[in-house]
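Chemist: Supplied in structure tokens, the structure appears directly below.
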Amino acid sequence: MTPLRRARTAVLAVAALLAALVTTAPPARAALPAPAPAGARLAASWTGPLSTRGRYVVDANGDRFKLRAGNWSGAQGTWEGSGPTTDPADNQAGQVSYNLPLGLDRAPIDRILAGFHGLGLNAIRLPFADALIHDTGTVPDVAVAANPRLRGMTPLEVYDAVVAALTADGFAVILNNHTTGYRFCCGLDGNERWNSGQSTQQWEDDWLFMTRRYRANKRVVGADLRNEVRRDTWDDPNWGLGDSHDAYAAFEEAGNAILQADPDLLVIMEGINWYGIPAAGLPHGRPLLTPVETLSNTLVRSDKLVYSAHFYAYTGPANTGAATGSPGATGDPRYEDFTPDQLAQVVDQQALFVTRSGRHFTAPVWVSEFGAAGRGSTDGREQAWFDRFTDLLASTDTDFAIWPLVGWQHDGVPNDSWALLSYDTAGRQLGLDDPGDWRAADWHKLVDAPSRTGRVAPVARWNMLDLDHADQNVSARMLDRPDWSPGNRKGDCPDGQRLTGLGRGSSRGLCTDAGQPAVGAGDWVTVTDQRYVTGGDWASGYDKLQCPDGSFAVGYAVHGNAMAALLCAPAAGALPTGGRTVWFDHGDNRPGTGGSAGSDWAPGSYKGQCADGEYLAGVADTWRWLEYGVPDALLCRPLG
């Protein structure tokens with residue numbers, strides 16, 4: 001959600017109610033000035049690429065890298081959808097970005113970056129439109145008047161130059177697919193979903209293009225897949241229904257494709273920003289990350305997933321942000337209406353619960369947009385919310401990015417009072433720390449707050465597999481090989497993890513690397529019958545799929561919800577046999593501690609799960625008693 005959208009959210013509500021180029025060459029890199037002292041210090045403070053350990057983002061040395069970030073907007077477009085695209089009156093806050101990061105017409109890049117350093121930032125979220133990738137026209141000279149070396153370039157080449165300048169000055173850059181076309185977000189603007197105005201395949205192709213373009217630059221650290229997925233005129237997005245509006249499936253597919261092209265990138269996923277028609281009596285709301293609690297994403301690199309969410313005072317968990325009394329306004333509370341304790345509870349329910357350790361969904365959460373009107377604002381409720389919200393971010397040690405960083409100003413009056421740094425036509429900066437901006441104290445409280453630093457120890461991971469609608473093959477090894485169970489839905493764990501649990505009749509599974517044995521050099525075996533059953537009958541009267549001795553289950557296949565096959569990987573060393581039978585045909589049978597015990601990865605189904613110190617060696621099922629082949633028991637053997 002970006003500033004000055006109150007009117008546009010009303011437009012969204014009205015419309016909803018009425019509804020009841022492309023080169024693959026590496027980017028050209030113009031000669032850059034040597035990093036400023038602040039840039040040199042920042043560059044020396046961390047090493048790319050980034051990854052995750054539990055709730056934390058870490059650098060290549062395993063040290064915490066807290067995202068203290070801001071949004072340098074503009075390349076997603078500032079035009080508001082009518083009138084001339086270069087008329088200030090028809091652009092957000094009267095600012096024309098020319099579809100480039102805002103301010104290049106007013107101040108040299110190094111001056112803008114110096115302002116970012118002054119704010120205490122270490123990372124930049126850099127929005128772009130898909131249209132930028134395909135735009136072969138050259139930018140007008142006026143668009144880069146303060147940076148004449150950028151004249152004659154295409155918008156993408158200017159974007160390249162901005163990325164190069166940021167990373168040369170030590171900043172981590174996160175690419176953000178903000179919009180499809182060059183139009184200021186949000187509302188019913190043709191940018192509601194990843195496949196608004198384009199196919200899902202085109203969106204994925206654009207992401208692969210951007211991934212390959214910057215993969216040699218290890219300070220380009222992340223792919224923020226799509227901004228604020230929301231309802232369009234007719235349809236809602238969803239999380240897990242398996243259709244063309246399924247954000248869960250689209251994000252996972254794109255994320256895995258990105259990681260296959262560049263395994264070093266973080267993949268950043270927002271939840272659903274809005275669904276439903278905002279009217280009393282009709283379902284509507286802003287779920288954000290709440291669906292992740294029972295349906296989390298699993299990537300081919302399980303240490304690369306970051307979730308994100310946006311919070312603004314004037315919106316709410318079920319409030320569009322429309323002004324009171326205007327179309328689309330409801331009686332639902334806004335975030336600014338909550339007490340500090342209520343706000344903390346709501347933000348935890350919608351986003352920060354994901355940071356709890358030892359769950360199938362555990363990951364860092366990045367609040368990649370928040371903000372408030374600054375200089376000249378008299379909105380006391382928003383100011384009080386900003387104080388409470390920055391307190392919350394600081395106390396929870398949450399990664400963040402404020403919206404927006406750069407704007408225009410004239411004679412000390414900013415066009416967009418939400419911007420932290422504003423420039424006039426002579427390049428003079430009006431900054432957050434200049435007199436008159438009430439946000440300065442709250443900002444410095446946040447940036448300077450104590451936080452976890454230094455090395456973060458590796459932690460065990462649990463990741464769920466979801467075969468509700470399709471395969472979920474997240475083993476890079478198996479993706480390079482033929483279909484290991486043709487005609488069946490199948491899932492395999494990320495390389496370095498093993499299967500540890502199954503849901504009864506739900507086709508859900510759980511993977512872990514807790515105590516993970518090393519994988520040996522032999523072939524992985526698909527088991528479809530009882531030929532490998534040894535050590536006695538551990539589930540009398542039941543059909544059994546059992547891995548060969550010395551191997552452990554890393555995947556499974558179902559036909560309907562009936563067991564069809566196990567995928568087994570050999571261990572590098574000897575594995576104990578024997579073990580125990582874990583029955584879950586009449587109720588859950590899961591470890592009391594560890595093992596993602598605090599989270600439900602197959603809601604509504606009985607679940608069987610081996611302990612963290614065990615490996616899953618077999619699955620028993622039956623077609624008797626109208627059980628239709630669903631799993632009833634696991635063979636769990638000790639790891640040592």
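The values are calculated or read from the model by the stated rules, or taken from the named source; none is laboratory data. This structure is a prediction, so every number in the text was calculated from the model and none was measured. For neighbour counting, all protein chains shown are included, and Cβ atoms are generated from backbone atoms with ideal geometry for every residue, glycine included. Each accessible area value is taken on the protein alone, full model and side chains, heavy atoms only, with ligands, DNA and RNA left out. Shrake-Rupley method; radii C 1.70, N 1.55, O 1.52, S 1.80 Å.
Chemist: Return the aspartates and glutamates within reach of K218: Cα separation strictly under 19 angstrom, same-chain partners fewer than 8 residues apart disregarded; answer none if there are no such residues.
Modeler: Cross-link targets: D59, D63, E157, D160, D169, D262, D264, D303.
Chemist: If you don't mind, another one. Given H placed 1.01 Å from N in the peptide plane, which residues other than close sequence neighbours of T330 have an amide H under 5 Å from its amide H?
Modeler: Residues meeting the criterion, in which the H sits 1.01 Å from N, are T320.
Chemist: Extent of the stretch 189-254 along each principal axis, from alpha carbon coordinates, in Å, largest to smallest?
Modeler: Principal extents (largest minus smallest coordinate, Cα): 41, 24, 19 Å.
Chemist: Moving on to the next point. Counting Lys and Arg as +1 and Asp and Glu as -1, what is the net charge of the other residues whose Cβ lies under 13 Å from the Cβ of R481? Don't skip to the answer; put the middle values down first.
Modeler: Numbers: positive: R477, K490; negative: D480, D483, D492, D495, D523.
Result for the neighbourhood of R481: -3.
Chemist: Okay, moving on. Might you tell me the accessible area per residue for the stretch 184-274, computed with a 1.4 Å probe and given in Å²?
Modeler: Accessible area per residue: 28 Å².
Chemist: Using a 1.4 angstrom probe on heavy atoms only, work out the carbon and sulfur share of the accessible area of the stretch 29-158 in %. If you can, show how the numbers build up before the last one.
Modeler: Working: 2310 of 4430 Å².
Of all accessible area on the stretch 29-158, carbon and sulfur atoms account for 52 percent.
Chemist: Excluding same-chain residues fewer than 8 positions from K66, which aspartates and glutamates have a Cα within less than 13 Å of its Cα?
Modeler: Of all the aspartates and glutamates, those that pass the test against K66 - Cα under 13 Å, at least 8 places apart if same chain - are D397, D399, D448.
Chemist: Still on this structure, I have one more. Using a 1.4 angstrom probe, figure out how much accessible area the stretch 322-407 has per residue, in square angstrom, rounded to the nearest whole.
Modeler: Numbers: 2840 Å² over 86 residues.
It amounts to 33 Å² per residue over the stretch 322-407.
Chemist: Sorted by average packing, counted as other Cβ atoms within 10 angstrom per residue and highest first, what order do 340-346, 285-291 take?
Modeler: The most tightly packed comes first, giving 285-291, 340-346.
Chemist: While we're on this one: For the residue pair T534 and R455, what label-to-label distance in nm results when each label sits 7 Å from Cα along the Cα-to-beta-carbon direction?
Modeler: 4.0
Chemist: How many percent of Cα pairs in the chain exceed 44 Å?
Modeler: Values: 47455 of 204480 pairs.
That tail contains 23 percent of the Cα-Cα pairs.
Chemist: With +1 on each Lys and Arg Cβ and -1 on each Asp and Glu Cβ, and nothing else charged, work out how big the dipole of the chain is about its Cα centre, in Debye to the nearest 20.
Modeler: For this selection, approximately 1160 debye.
Chemist: Suppose R0 equals 25 Å. What FRET efficiency, 1/(1 + (r/R0)^6) with r the Cβ-Cβ distance, do R212 and T136 give to the nearest 0.05?
Modeler: 0.85
Chemist: If a paramagnetic tag sat 7 Å from the Cα of L479 along the Cα-Cβ line, which residues of the stretch 542-575 would have the backbone N under 20 Å from that point?
Modeler: 554-557, 567-569
Chemist: Sticking with this structure for a sec: Which value, in Å², gives the accessible area per residue of the stretch 412-497 when a 1.4 Å probe is used on the protein heavy atoms?
Modeler: Numbers: 3800 Å² over 86 residues.
Roughly 44 Å² per residue, with all protein chains present.
Chemist: For the stretch 89-197, what is the charge dipole size about the Cα centre, in debye to the nearest 20, if Lys and Arg each add +1 at the Cβ and Asp and Glu each add -1 at the Cβ?
Modeler: Rounded to the nearest 20 debye, it is 180 debye.
Chemist: Now a separate question. Carbon-plus-sulfur fraction of the accessible area of the stretch 309-460, 1.4 Å probe, in percent?
Modeler: Solvent-exposed carbon and sulfur of the stretch 309-460 make up 52 percent of the total.
Chemist: At R0 = 45 Å, how high is the FRET efficiency between L282 and T593 if r is their beta carbon distance? Nearest 0.05 is fine.
Modeler: In this case the efficiency is close to 0.55.
Chemist: Now, a different point. In whole percent, and with a 1.4 Å probe on the protein chains, what portion of the accessible area of the stretch 178-302 is carbon and sulfur?
Modeler: Working: 1850 of 3670 Å².
Roughly 50 percent of what the probe reaches on the stretch 178-302 is carbon or sulfur.
Chemist: Nearest-5 percent of antiparallel DSSP beta bridges in the chain?
Modeler: 60
Chemist: Multiply the residue gap between S357 and A43 by 0.36 nm, knock off their C-alpha separation, and tell me the result in nm, one decimal place.
Modeler: Fully extending the segment from S357 to A43 adds 110.0 nm.
Chemist: In the stretch 541-640, which chymotrypsin sites (Phe, Trp or Tyr not before Pro) are in a loop and have at most 14 other Cβ atoms within 10 Å, using DSSP for the loop call?
Modeler: Details: sites: Y542, F552, Y556, W583, F584, W601, Y606, Y615, W623, W625, Y628; in loops: Y542, F584, W601, Y606, W623, Y628.
For chymotrypsin sites (Phe, Trp or Tyr not before Pro) across the stretch 541-640 that sit outside H, G, I, E and B with at most 14 neighbouring Cβ atoms in 10 Å, the list reads W623, Y628.
Chemist: Once you have the Cα-Cα distance between A441 and D341, take 0.36 nm times their residue separation minus that, and quote the gain in nm to one decimal.
Modeler: 33.9 nm
Chemist: Among the aspartates and glutamates, which have Cα under 12 Å from the Cα of K544 when same-chain residues fewer than 8 positions away are ignored?
Modeler: Output for K544: D529, D621, D632.
Chemist: So how far apart, in nm, are the two label points at A257 and S395 if each is 7 Å from Cα heading toward Cβ?
Modeler: 4.3
Chemist: Report the extension gain between T233 and D448 in nm, rounded to one decimal, defined as 0.36 nm multiplied by the number of residues separating them, less their alpha carbon distance.
Modeler: Details: separation 215, 0.36 × 215 = 77.40 nm, distance 4.29 nm.
Net length gain for the segment: 73.1 nm.
Chemist: Also, quick follow-up: Provide the three semi-axes, in whole Å and in decreasing order, of the ellipsoid equivalent to the stretch 313-445 as defined by the square roots of 5 times the Cα gyration tensor eigenvalues.
Modeler: Ellipsoid half-lengths, sorted descending, are 29, 20, 13 Å.
Chemist: Further question: Among the chymotrypsin sites (Phe, Trp or Tyr not before Pro) in the stretch 211-311, which ones are in a DSSP loop with at most 10 other Cβ atoms within 10 Å of the Cβ? Mind listing them? Working shown, then result.
Modeler: Values: sites: Y214, W234, W239, Y248, F251, W274, Y275, Y307, F311; in loops: W234, W239, W274, F311.
Passing both the DSSP loop test and the Cβ count: W234.
Chemist: Got a sec to turn the phi values of the stretch 316-323 into Karplus ³J(HN,Hα) couplings, 6.51 cos²θ - 1.76 cosθ + 1.60 with θ = phi - 60°, whole Hz, x for Gly and Pro?
Modeler: Each residue of the stretch 316-323 in turn: x, x, 9, 10, 5, x, 4, 4 Hz.
Chemist: Please give me the summed charge of the neighbours of V367: other residues whose Cβ is under 15 Å from its Cβ, Lys and Arg +1, Asp and Glu -1. Before the final figure, lay out the partial values.
Modeler: Numbers: positive: R55, K66, R68, R125, R286, R388; negative: D224, E228, E270, D348, E369, D391, D397, D399, D442.
Once positives and negatives cancel, what remains is -3.
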